[in-house]
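**Q** After the structure tokens below, expect a handful of questions from me.
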Amino acid sequence: MINELLLRFVIGGAVVSVFAILGSALKPKSFAGLFGAAPSVALATLTLTVMKKGAPYAAIEARSMILGAVAFFLYASLVCYLLMRRKLPVLATTAVSLIVWIGCALGLWVILVG
Amino acid sequence: MRVMIVKLNVESIRETKWSEYATRFVFGGIVTVLAGLIADRFGPVVGGLFLAFPAIFPAGASLIAEHETDKKEKTGANRTRRGRHAAGVDAGGAAMGCVGLMAFAAVAWRVLPRFALWETLALATVAWTVLAIMVWFIRQRVL
């Protein structure tokens, strides 16, 4: 169990870092921002899930991920608006707005799946 | 029409501190572990939502704002406002990237049961890249 968690941690961290490095090297900033929504966690998780539980199980995760991505879109749009139009601190705004992601993702799940 | 050229600036990779890479690595690792634990506890339907959880985003946006603040401090510009603006632009880019993320998930969902893992992930990553760049390009042309 610990070995599996450690493997997840290392693979997830590595994939996220690769996309972050790529994003930090690109200009303009709006283009680099695309990499803030790179499928880094999904690449790592789906790989490990297919190896452990099989493709059909991972496909169900991928289907739910569509709703998570819609919630991410709403979250990022809100954060963009708040930072550009209001004088709010960056870390607090981006962190507190995660509640919006959770609300949207679970709300969409209840409406469309649950 | 305003033309924006995409550039690869290798120098900015060297300018980034190791602690910043470490922060992203740790956050990325934690989110991947949490996504797995949530799927184990609540099943793949709920667990799948967290494959698009933006937990790394606050750390990344803060680092971008800090970088911009440091740069403007040298030039004497309004550092807090510029830092916030840079993070806002990054968030706008991420919103466009989310369209690609939806495409990635849709391709993975439909293709995973039929093709090999590496083929599926390669196809899904291409879908993310094409959609994200296409949306960014359209946004540049429209505004």
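The values are calculated or read from the model by the stated rules, or taken from the named source; none is laboratory data. Every value quoted in this text rests on a predicted model; they were computed, and no experiment measured them. Backbone-built Cβ (ideal geometry, glycine too); neighbour counts: all protein chains shown. All accessible areas refer to the heavy atoms of the entire protein, side chains included, with ligands and DNA or RNA removed. Shrake-Rupley method; radii C 1.70, N 1.55, O 1.52, S 1.80 Å.
**Q** For B:ARG84, state whether it is free of Cβ contacts under 8 Å to residues at least 24 places away in the same chain, basic (Lys, Arg) and open to solvent by less than 70 Å² (accessible area, probe 1.4 Å).
**A** Spelling it out, B:ARG84 is indeed free of Cβ contacts under 8 Å to residues at least 24 places away in the same chain, basic (Lys, Arg) and open to solvent by less than 70 Å² (accessible area, probe 1.4 Å).
**Q** So, in region A:90-114, of the ones that are more than 8 Å from chain B (Cβ to nearest Cβ) and of a type outside the set (A, V, I, L, M), which residue ends up most open to solvent (accessible area, probe 1.4 Å)?
**A** The residue in question is A:GLY114.
**Q** Here is a further query. Given the structure, is B:LEU51 touching an Asp or Glu at 6+ places or on another chain (Cβ under 9 Å), closer than 24 Å to A:ILE60 by Cβ, touching a residue at least 40 places away in the same chain (Cβ under 8 Å) and open to solvent by less than 40 Å² (accessible area, probe 1.4 Å)?
**A** Yes, satisfied.
**Q** Could you give every pair whose Cβ atoms fall below 9 Å, whose first residue belongs to region A:81-97 and is touching a residue at least 60 places away in the same chain (Cβ under 8 Å), and whose second residue is β-branched (Val, Ile, Thr) and crowded, with 17+ Cβ neighbours inside 10 Å, counting only separations of at least 6 or pairs across chains?
**A** none
**Q** Among the listed residues A:ALA76, A:ALA69, which satisfies the condition of being of a type in the set (Gly, Ala, Ser), within 7 Å of chain B (Cβ to nearest Cβ) and farther than 21 Å from B:GLY29 by Cα?
**A** Criteria check complete, one pass: A:ALA76.
**Q** Here is a follow-up. From B:VAL135, B:VAL111, which residue is in contact with a Leu (Cβ under 9 Å, 6 or more places away or on another chain), more than 17 Å from A:LEU34 (Cβ to Cβ) and β-branched (Val, Ile, Thr)?
**A** B:VAL111
**Q** Give the residues of region B:17-45 that are open to solvent by less than 50 Å² (accessible area, probe 1.4 Å), free of Cβ contacts under 8 Å to residues at least 12 places away in the same chain and within 7 Å of chain A (Cβ to nearest Cβ), sorted by residue number.
**A** The answer is B:TYR21, B:GLY29, B:THR32, B:VAL33, B:GLY36, B:ALA39, B:PRO44, B:VAL45.
**Q** When you scan region A:5-28, how many residues do you find that are open to solvent by 30 Å² or more (accessible area, probe 1.4 Å) and of a type in the set (Lys, Arg)?
**A** 1
**Q** Something else: Within region B:100-120, can you find the residues that are open to solvent by 20 Å² or more (accessible area, probe 1.4 Å), facing another protein chain (nearest Cβ under 7 Å) and out of contact with any Lys or Arg (no Cβ under 7 Å at 6 or more places or on another chain)?
**A** B:MET102, B:ALA106, B:PRO113, B:LEU117 - these are the residues of region B:100-120 that are open to solvent by 20 Å² or more (accessible area, probe 1.4 Å), facing another protein chain (nearest Cβ under 7 Å) and out of contact with any Lys or Arg (no Cβ under 7 Å at 6 or more places or on another chain).
**Q** Here are the criteria: (1) charged (D, E, K, R); (2) under 22 Å from B:VAL46 (Cα atoms); (3) more than 7 Å from chain B (Cβ to nearest Cβ). Tell me which single one A:ARG8 does not satisfy.
**A** The failed condition is (3).
**Q** Can you find even one residue in region A:35-50 that is in a helix (DSSP H, G or I), at the interface with chain B (Cβ under 8 Å from one of its Cβ atoms) and in contact (Cβ under 8 Å) with a residue 40 or more places away in the chain?
**A** Checking region A:35-50: at least one residue is in a helix (DSSP H, G or I), at the interface with chain B (Cβ under 8 Å from one of its Cβ atoms) and in contact (Cβ under 8 Å) with a residue 40 or more places away in the chain.
**Q** Across region B:1-10, what is the number of residues that are of a type outside the set (A, V, I, L, M) and either open to solvent by 90 Å² or more (accessible area, probe 1.4 Å) or farther than 28 Å from B:ARG139 by Cα (or both)?
**A** Qualifying residue count for the region: 2.
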